[in-house]
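Report on one structure; see the data block that follows.
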Amino acid sequence: MIFDMLRWWYVSGWLLALQRIATWTKGVEQAFSLVILLQTLFSPWKRIITVGGKGLDAKFHAALDNFLSSCIGFVVRLFVILGALVAMTVVFVSGVVIAAIWPLLPLVFIGAIVKAVTG
Amino acid sequence: MNPLPNLKSLRARKARIGSEITPAIRKVLRLLAILILAAAAYCFYAGIPRIGYLAIAFADVIVVLLLWYTYHLQKLPPSLPAKQLEDIIDPALLGKLKAPVTPQRLWDVVMKLPEGQFMCDHLFLHSDTVKNNLSNAEADSAQTWQQAYGLINHARTPNLHAGTLLVALLLTSPGAQQYLTFNKLRPEDTFEALNWLERQMELWNRPKQNFGGIGRDWAKGYTPTLEQFGQNISQSVQYAGGFRHYVAHADMLDGIVSNLARGASVALIAPDGGGKSTLVRALAERLLQGKNRELQYYQVFSLNASLILSYSGQQLESLMLTLFGEAVASGNMILFLDDAQLFFGSGTGAFDMSQILLPVLKSRNVRIIAAFEPRDWQQMQATRQALTTSFASITLTDLPQEEIYKVIEDNTMQLEQRNGVLITFEAIIEAYRLSGQYMQELAYPGKAINLLEQSIPYAQERVITRETVQAAVEKTKGVKVSVAAAPEADMLLHLEDRIHERMINQVRAVNDVAAALRRGRAGVSSPNRPVGSFLFLGPTGVGKTELARSLAAVYFGDEHQMIRLDMSEYQRPEDVTRLLSGGSKTERSLLSAIREQPFAVVLLDEVEKAHPNILNLLLQMLDEGQLTDEQGRPASFRSSIIIATSNAGAADITQHVREQGTLENFERPLIDKLIAAGQFKPELINRFDEVVLFRPLNEDELSQVAQVMLKGVNQTLAVQQLTVQLTPEALKTIVHQGYDPEFGARPMRRIIQKTVENAIAMKILRGQAQPGSVITLDVPDLTQDQNSSDANSNPPGNPPVPPQQTPPTTPQPPTPPAAPMPPQPPAGPYAG
């Protein structure tokens, strides 16, 4: 039984821990919809646009409004993208740490017992 | 392969460990690990590192054990390809198995697991009764395991769980099989319930889907008006982590997606309950999954027609423009118009927005899914061709029965959760059957789901069974569908006696009708035809209508449960429309009447006088038990008794009775003669359950008729504590006056009114009748008061054709007992 448990731990279990790095990171990316944010980075904020009138002045004002809307969209999205990247990094690093610690966990028991006995 | 699972195998031992780590134990272990780690930290701080290391070792064991349980033991996937039986046994079940494994012990284990409980509850089994029917010998369990293994071959996943084992236990025990049969369940029903469980397990175990977050939400524009007047279906699917329901018509989704992807709008055509809304929800999920690039970030938004149409005129037009404007500006919106006909001027409270919608559709600026019923779509095609050609129409076909069951079962789970009830599998079967019979205005699977929903208030102890569904149909539709219980069964067994309480003689006619009704009510005759259909032939005033009225009173509980049509008013071809109009017209048509009163006697007087087109419609009514109105909506006659009356052949009947004294074996020659004379078509005659001949009445019978009517008068007088009786001579006078060779006993009611009732009225007014007294009327009383009140009444000096000319033919029924008569019958026993 113990042998079977260790076999699972160092084969399927460890593989699962490695897979979780990708799953967790992808989960954060999806929560922020990073791809959509990048695709729509320069789009007007909430698709708020002004349709230009006939005169040059109206056209200019419309272009200015749309530029402003795009600027707001860019700034908001940029901050969110940065936030998403930070969150993804944290999750990725945590996953890597867990995957790295994983094979050590059964050994911790032996090490701790040895240390307890030898001092 | 060993027919029994090896409980000493590694997988079995792991499953046992897994089953022993209960949620409570897990909680304790987690807490313990934290406490030990805290203690270890304290030990290091306090300068006793050896104890600290020891604590870490303990905590590490607990953490490793918990991780092993969470990611391996709890799930323990099947070992495939399976070499031993235990390789495919669900770990929860395997972990609870202990030797000796007898069928009875297996049942105990099954009952402890949710899958077993689901099956037991939904098949409405009494656990102890089933257990007592199972063997307690270990050798018998081999057959059960073999059966369970066989079931796995047809299952969706190679997983032998408690539900599979329960079915195997039921099917391998003769006692349990008998119990199933007693509960009207077939082995196929247990298979279907098992499939239901497995589909639900698949839905429950499906992980929540992540459809994207902040970025997706920001990709669409502001839609404040749309949000006020509609519902974002995509958002609700997104929050639920997916559309966790069985989707029928899934193959149609591809067609919808490809049409929407090329910018077209879609008209979904299906009757109410046909699955249009479900399909749109499944579409929302498909779009959220982002597999189609053209529609990757599109959202489906359903408009609330009733809320929008609460506005009117200019305000409504402006609102519609705003809604479409927002949808266009949003850039990724698909509008769903449920009950779309309301937006196109069809139906009550509708508004015609064709002129607003047409440019939107043509420009393809916004995609629309409009749900129509077939008849509304046909109307649209006829009246607004430009609009209908702008839609890509997709018609949802009728689902096969097994698909319908899947959808009903899926919705059953929602109904159970929402209402805190248990809906048994037999209730689902019954809802499917009865909704098919009595809810023709809706389509499957919606109508069966609707019926289950309607059954919830009738649930006993929060369980909905076959009987609950029957009760719901009986209460909401006014029909009888349950097995005739004691009082009703007794009534059916003595139907003839009950009818004869109101009906004199015509023994043969009454017997024929009663036998046909018993067949219908016992469920022996076809459920797709009327309960009974009869053609009554005979002279006027011999009791044809009275028998119909008696049937309504005895069988349906009220003589007003009768829809009466004089077919002589339907002699022109255009009268077909009048007969079939859907009730929207001012006049109440046959179909609107039967929809209001499906559990009734439909009396078609003088049927032979109707136009041939109408007689052709009757063929359909008698054959299929339903007619369809102008709008294509069916109306059911399957709970009604159809009676057509005719005087055709009356002279032949009278002559035959005079010559032979009986109508025995006269039906066939008479029918042949009527067919040869062109009065009836053979296809119409052959569709009636019975052709019943009514013979003319003799003097003795007329006397009994008069006595029955007199009973009605006494019933009325009972309030004033008065009783009236006639001398034999007075009775004879009334019989003579009440009979007419042309109208039979029809004048009897009028004569009793003008003689007996008048005489009593005079006596009461003169103070000659005191409460508690018995008024005996003789011939002078009748003639005196009759003459004084109505000099034009039928005088004794103008005698009718003496009834004694008609010889008695059939055995006489006993004199009707003083029995339940309505206080004041609206018509006499022979008002036919």
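The values are calculated or read from the model by the stated rules, or taken from the named source; none is laboratory data. What you see is a predicted model, and the numbers here were worked out from it, not measured in a lab. Here the Cβ positions follow ideal geometry from the backbone for every residue, glycine too, while neighbour counts run over all protein chains shown.
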With respect to B:Gly290, determine if the residue is assigned to a loop (DSSP other than H, G, I, E, B) and within 14 Å of another protein chain (Cβ to nearest Cβ).
yes
Tell me which residues, restricted to the stretch B:230-256, are at pLDDT 90 or above, charged (D, E, K, R) and not in a helix (DSSP H, G or I).
none
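Looking at B:Arg375, B:Arg418, B:Arg367 in this structure, which one is in contact (Cβ under 8 Å) with a residue 60 or more places away in the chain, charged (D, E, K, R) and closer than 30 Å to B:Gln299 by Cβ? Break it down stepwise before answering.
Values: B:Arg375 fails: closer than 30 Å to B:Gln299 by Cβ; B:Arg418 fails: in contact (Cβ under 8 Å) with a residue 60 or more places away in the chain.
B:Arg367 is the lone residue from the list that is in contact (Cβ under 8 Å) with a residue 60 or more places away in the chain, charged (D, E, K, R) and closer than 30 Å to B:Gln299 by Cβ.
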Of all residues in the stretch B:400-444, how many are hydrophobic (A, V, I, L, M, F, W, C) and out of contact with any helix residue (DSSP H, G or I) (no Cβ under 9 Å at 6 or more places or on another chain)?
1
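From the list B:Ala267, B:Ala305, exactly one residue is without any contact (Cβ under 8 Å) to a residue 60 or more places away in the chain and surrounded by 16 or more Cβ atoms within 10 Å (Cβ to Cβ). Which is it? Steps first, please.
Values: B:Ala267 fails: without any contact (Cβ under 8 Å) to a residue 60 or more places away in the chain.
When all the criteria are applied, what remains is B:Ala305.
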Within the stretch A:34-59, considering residues that are outside any loop (DSSP other than H, G, I, E, B) and among the basic types (Lys, Arg), the one farthest from A:Phe74 (Cα to Cα):
A:Lys59
Can you name the number of the only condition in (1) closer than 27 Å to B:Tyr297 by Cα; (2) loosely packed, with under 14 Cβ neighbours inside 10 Å that A:Lys54 fails?
(1)
Considering only the stretch B:119-127, I want to know if a residue exists there that is farther than 23 Å from B:Leu203 by Cα and assigned to a helix (DSSP H, G or I).
yes
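Per-residue answers, yes or no, for (1) at pLDDT 95 or above; (2) touching a Cys at 6+ places or on another chain (Cβ under 7 Å); (3) within 14 Å of chain A (Cβ to nearest Cβ):
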{"position": "B:Asn2", "(1), (2), (3)": "no, no, no"}
{"position": "B:Asn6", "(1), (2), (3)": "no, no, no"}
{"position": "B:Arg13", "(1), (2), (3)": "no, no, yes"}
{"position": "B:Gly18", "(1), (2), (3)": "no, no, yes"}
{"position": "B:Leu32", "(1), (2), (3)": "yes, no, no"}
{"position": "B:Ile48", "(1), (2), (3)": "no, no, yes"}
{"position": "B:Leu54", "(1), (2), (3)": "no, no, yes"}
{"position": "B:Leu65", "(1), (2), (3)": "no, no, yes"}
{"position": "B:Tyr71", "(1), (2), (3)": "no, no, yes"}
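In the stretch B:201-212, which residues are outside any helix (DSSP H, G or I) and surrounded by 15 or more Cβ atoms within 10 Å (Cβ to Cβ)? First the steps, then the outcome.
Filtering the stretch B:201-212 down to residues outside any helix (DSSP H, G or I) leaves B:206-212.
Hits for the stretch B:201-212 are B:Gln209, B:Asn210, B:Phe211, B:Gly212.
Go through the stretch B:321-336 and count every residue that is within 14 Å of chain A (Cβ to nearest Cβ) and either without any contact (Cβ under 8 Å) to a residue 12 or more places away in the chain or in contact with a Lys or Arg (Cβ under 8 Å, 6 or more places away or on another chain) (or both). Full working, then the answer.
Applying the first criterion (within 14 Å of chain A (Cβ to nearest Cβ)) to the stretch B:321-336 yields B:325-333.
Going one step further and asking which of them are either without any contact (Cβ under 8 Å) to a residue 12 or more places away in the chain or in contact with a Lys or Arg (Cβ under 8 Å, 6 or more places away or on another chain) (or both), we end up with B:325, B:329-333.
Selection size over the stretch B:321-336: 6.
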Output for the stretch B:318-342, where each listed residue is of a type in the set (Gly, Ala, Ser) and either crowded, with 21+ Cβ neighbours inside 10 Å or in contact with a helix residue (DSSP H, G or I) (Cβ under 8 Å, 6 or more places away or on another chain) (or both):
B:Ala327, B:Ala329, B:Ser330, B:Gly331, B:Ala340
Tell me yes or no: at least one residue of the stretch B:629-642 is of a type in the set (A, V, I, L, M, F, W, C), surrounded by fewer than 19 Cβ atoms within 10 Å (Cβ to Cβ) and at pLDDT below 90.
no
Out of (1) away from chain B (no Cβ under 11 Å); (2) under 29 Å from B:Gln238 (Cα atoms), the odd one out for A:Arg77 is which?
(1)
Unique match (being modelled with pLDDT of 85 or more and closer than 22 Å to B:Leu782 by Cβ) among B:Leu722, B:Leu674, B:Leu693:
B:Leu722
Condition (residue is among the small types (Gly, Ala, Ser), more than 30 Å from B:Lys711 (Cβ to Cβ) and surrounded by 17 or more Cβ atoms within 10 Å (Cβ to Cβ)) applied to the stretch B:477-496: is it met by at least one residue?
no
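Conditions tested, residue by residue: (1) in a helix (DSSP H, G or I); (2) within 30 Å of B:Thr129 (Cβ to Cβ); (3) away from chain A (no Cβ under 14 Å).
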{"position": "B:Ala59", "(1), (2), (3)": "yes, no, no"}
{"position": "B:Trp68", "(1), (2), (3)": "yes, no, no"}
{"position": "B:Ser79", "(1), (2), (3)": "no, no, no"}
{"position": "B:Lys83", "(1), (2), (3)": "no, no, yes"}
{"position": "B:Lys96", "(1), (2), (3)": "no, yes, yes"}
{"position": "B:Pro100", "(1), (2), (3)": "no, yes, yes"}
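Could you identify the single residue in A:Trp9, A:Trp24, A:Trp14 that is surrounded by 14 or more Cβ atoms within 10 Å (Cβ to Cβ), touching a residue at least 60 places away in the same chain (Cβ under 8 Å) and at the interface with another protein chain (Cβ under 10 Å from one of its Cβ atoms)? I'd like the intermediate steps shown before the answer.
Values: A:Trp24 fails: at the interface with another protein chain (Cβ under 10 Å from one of its Cβ atoms); A:Trp14 fails: at the interface with another protein chain (Cβ under 10 Å from one of its Cβ atoms).
Exactly one of A:Trp9, A:Trp24, A:Trp14 is surrounded by 14 or more Cβ atoms within 10 Å (Cβ to Cβ), touching a residue at least 60 places away in the same chain (Cβ under 8 Å) and at the interface with another protein chain (Cβ under 10 Å from one of its Cβ atoms), namely A:Trp9.
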Is it true that some residue in the stretch B:503-520 is modelled with pLDDT of 85 or more, more than 22 Å from B:Gln620 (Cβ to Cβ), small (Gly, Ala, Ser) and not in a loop (DSSP other than H, G, I, E, B)?
yes
Only one of (1) under 22 Å from B:Ala648 (Cβ atoms); (2) without any contact (Cβ under 8 Å) to a residue 12 or more places away in the chain; (3) among the hydrophobic types (A, V, I, L, M, F, W, C) does not apply to B:Leu537, and that is (2)
Across the stretch A:80-105, what is the number of residues that are within 13 Å of chain B (Cβ to nearest Cβ) and of a type in the set (Val, Ile, Thr)?
4
Log entry, pairs with first residue in the stretch B:606-622 being surrounded by 20 or more Cβ atoms within 10 Å (Cβ to Cβ), second being small (Gly, Ala, Ser) and assigned to a helix (DSSP H, G or I), beta carbons closer than 9 Å, six or more apart or on different chains, reads B:Ala610/B:Ser568
Go through (1) within 30 Å of B:Ile36 (Cα to Cα); (2) away from every other protein chain (no Cβ under 14 Å) and name the single condition B:Lys112 misses.
(1)
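Go over the candidates B:Glu227, B:Glu198, B:Glu192 one by one and state the one that is at pLDDT 90 or above, within 14 Å of chain A (Cβ to nearest Cβ) and surrounded by fewer than 22 Cβ atoms within 10 Å (Cβ to Cβ). Before you say what the answer is, go through the steps one by one.
Values: B:Glu198 fails: within 14 Å of chain A (Cβ to nearest Cβ); B:Glu192 fails: within 14 Å of chain A (Cβ to nearest Cβ).
When all the criteria are applied, what remains is B:Glu227.
In the stretch B:6-19, what count of residues is obtained for those that are under 16 Å from B:Leu73 (Cβ atoms) and outside any helix (DSSP H, G or I)?
Residues of the stretch B:6-19 that are under 16 Å from B:Leu73 (Cβ atoms), as a first pass: B:9-19.
Now narrow it down to the ones that are outside any helix (DSSP H, G or I): B:9.
Residues that pass the stated criteria total 1.
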Yes or no: A:Val108 surrounded by fewer than 12 Cβ atoms within 10 Å (Cβ to Cβ) and either at the interface with chain B (Cβ under 10 Å from one of its Cβ atoms) or within 30 Å of B:Asn210 (Cα to Cα) (or both)?
no
Criterion first (surrounded by fewer than 22 Cβ atoms within 10 Å (Cβ to Cβ) and under 22 Å from B:Glu416 (Cα atoms)) does B:Ala471 satisfy it?
yes
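Quick check: anything in the stretch B:20-29 in a loop (DSSP other than H, G, I, E, B), within 47 Å of the chain's Cα centre (by Cα) and either at pLDDT below 90 or away from chain A (no Cβ under 14 Å) (or both)? Write out each step before concluding.
Going through the stretch B:20-29, the residues in a loop (DSSP other than H, G, I, E, B) turn out to be B:21-22.
Filter once more, keeping what is within 47 Å of the chain's Cα centre (by Cα): B:22.
Subsequent filtering for residues that are either at pLDDT below 90 or away from chain A (no Cβ under 14 Å) (or both) retains B:22.
Scanning the stretch B:20-29, I find at least one residue that is in a loop (DSSP other than H, G, I, E, B), within 47 Å of the chain's Cα centre (by Cα) and either at pLDDT below 90 or away from chain A (no Cβ under 14 Å) (or both), so the answer is yes.
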Can you work out which of the residues in the stretch A:27-50 that are facing chain B (nearest Cβ under 8 Å) and of a type in the set (D, E, K, R) is farthest from A:Leu82 (Cα to Cα)?
A:Arg47
